[in-house]
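The structure appears below as structure tokens.
The values are calculated or read from the model by the stated rules, or taken from the named source; none is laboratory data. Since we're looking at a predicted model, the values are computed, not measured. Glycine also receives a Cβ, built like all others from the backbone with ideal geometry; neighbour counts cover every protein chain displayed. Each accessible area value is taken on the protein alone, full model and side chains, heavy atoms only, with ligands, DNA and RNA left out. Shrake-Rupley method; radii C 1.70, N 1.55, O 1.52, S 1.80 Å.
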Amino acid sequence: MTALDPDDHTVDELTEELDDVDDEEELTSVLEAERAGQDRTTAREAIRDRLEEIGSDLEGIEEGTETEGEYEETKEDVGDEAEGEEASEAESTDGDEADAADDEVDDDLSHPTRDKRHVRALADGEYADMWVFCETQGGELLEVSKEMLGKARELMDQFAEDYGDEERVVAFLMGDDCEGLAEECIAYGADVAVYHDDRRLDRFLHKPYTEISAHMARGEGTVESTDWRDYDKPRYVLFPATNNGRDLSAKVQAELDSGLASDCSDLFIEENEVSNPVKTGEPGVKKTFEKVLHMKRPDFSGFEYSTILCLDNPGREFHPQGCSVIPGSFEPMEPDYDREGLVVEHDMELDDDWFRVEISEYDQLEAGIDLTGHDVIVCLGRGIADDPTEGMELGLDLVDAFENAELGITRGIVTSSYQFEGHVEEYSKEERQIGETGQVVAPDLYIAAGVSGAVQHKVGMDESDTIVAINTDTDARIRDFSDYFVEGDLFEVVPRLTEAVESGETALEPEAVADGGGDDD
């Protein structure tokens, strides 16, 4: 029996007790006792850390694994919440210890933060505000940027009400002559807009965009560009789930030593209680995490949703809590161009080596079709197979009957060998595809005619307010997630529906739409 019995202490208590132990032999005995007893990963790490602090040679001391063994021993005790998440072996440093660790950084590391000991605010850091990456294109804010700003405004207003802390919405962006866009971010809900202006940033480039974003988030730069904040890193950060946004989000979150939930469609903030020993530090203990961003996303089946949480490990904090947001998931707020806010120009030297790749010549592609932002979407599926041209024309007639509608199609049409005659052929292109590999829409009314409801398609339209399906097959999958199901042939139902809309009989009421033909199931 050692003088210090680890079984008598929680991990935090044990860590404090170890500060008074300077004898290598005693510490080794404590480590052996821990292995023979509860064998807590975080406890073993604390003992090894203390051994290292007093100058012991750790060679030969078993490092163990982060979660293997411990998880198997404790899952039965804590239930299904104890999921096999990996614990970081990062060491907690602050104050003078952090400064000393900074001096030990290996300059040869391509990613120095892999040496977790030198990361500022690894534990007990200060985090605040919700940051939003506002992607631009052609000198304008993308619509999804405005959508995220609106959602961030809503979340942080509720945050202030729930916690009594008024934290800000911070837009960050970069480009060529983008100060005006930063000011526009204020109008769409941001309290602060941080921008980096450089003619070379007119196009998205992986390296400089990542370096600038991480530099901004860490609060690095001149006093003039950073004196508006006094925290280590953002509490939350949102990126758009666009091609560029997905790329940037993964790189920036890695640079900031945190995680990422991708392709989210809903967000909310509340506390969360967990008993996973990887997160609490020991089995049988519950811990409440406050101000947790719950990030909801479609799972791989497309028929269920998962909520992703970014929770800290003992002695290791994961901030910002970050995600990418599916375009069309939220409504932008009405812009208020008289709204007051702070616009900050970010200062940073950009390495010429980051711009080694130069685009000397390019062709401008057509803008394509943007299906988002419409009140009504009419989507056609394989049900038009009996007469593809007529089916497409009927769909277009229904679109024309509404004031703000657009036509979408399923992947089944894109990959089919249907023969279309005349002008309707242009509506069969991939640019109109809705689904997992196409566009994601969330209109007030979604009319699916001849659509079976494959999971990949559901991902692209499930956030629609009202879904009306027209199908001859009452067992079609789409019936399971439609608000109204019309059993009938689209070639008969769609013309009657178009006539009803044109005459004003439906008044855009889904009940009337469902009465357009067949049985209302």
If the label point sits 7 Å along Cα→Cβ of LYS207, residues of region 240-256 with amide N under 20 Å come out as 244-245, 247-256
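Please compute the length gained on full extension between ASP176 and ASP162, using 0.36 nm multiplied by the number of residues separating them and subtracting their Cα-Cα distance. Walk me through the numbers before you get to the answer.
Values: separation 14, 0.36 × 14 = 5.04 nm, distance 3.89 nm.
Extra length from ASP176 to ASP162 when fully extended: 1.2 nm.
With all protein chains present, how much of the accessible area of region 256-371 (probe radius 1.4 Å) comes from carbon and sulfur, to the nearest whole percent? Intermediate values should be presented prior to the final figure.
Numbers: 2810 of 6530 Å².
Result for region 256-371: 43 percent of the exposed heavy-atom area is carbon or sulfur.
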Beyond 22 Å, the calculated P(r) of region 123-225 holds a percent of Cα-Cα pairs equal to 32 percent
Which residues qualify? For CYS264, with a placed amide H closer than 5 Å and at least 5 residues away or on another chain, they are SER324, VAL325, ILE326
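With a 1.4 Å probe and all protein chains left in place, how much accessible area per residue does region 150-221 have, in Å²?
39 Å²
Counting only heavy atoms of the protein chains, get the accessible area per residue of region 1-49 (1.4 Å probe) and round it to a whole Å² value. Don't skip to the answer; put the middle values down first.
Values: 2530 Å² over 49 residues.
For region 1-49, the per-residue accessible area is 52 Å².
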With +1 on the Cβ of every Lys and Arg and -1 on the Cβ of every Asp and Glu, the dipole magnitude of region 250-340 about its Cα centre, in debye rounded to the nearest 20, is 480 debye
antiparallel share of DSSP beta bridges within region 127-263, to nearest 5, in %, is 10 percent
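Just check region 222-319 against the gyration tensor rule for me: Cα atoms, a ≥ b ≥ c as the square roots of the eigenvalues, rounded for a/c under 1.5, and otherwise prolate or oblate depending on whether a/b exceeds b/c.
Numbers: a/c = 2.06, a/b = 1.12, b/c = 1.84.
Taking the square roots of the gyration eigenvalues as a ≥ b ≥ c, region 222-319 is oblate.
Too long at a 22 Å Cα-Cα cut-off: which of LYS207/LYS233; LYS146/LYS296; LYS146/LYS458? Present the calculation step by step, with values, prior to reporting the outcome.
Values: LYS207/LYS233 20 Å; LYS146/LYS296 20 Å; LYS146/LYS458 25 Å.
Table pairs above 22 Å Cα-Cα are LYS146/LYS458.
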Residue separation between GLU304 and ASP489 times 0.36 nm, minus their alpha-carbon distance, gives in nm 63.7 nm
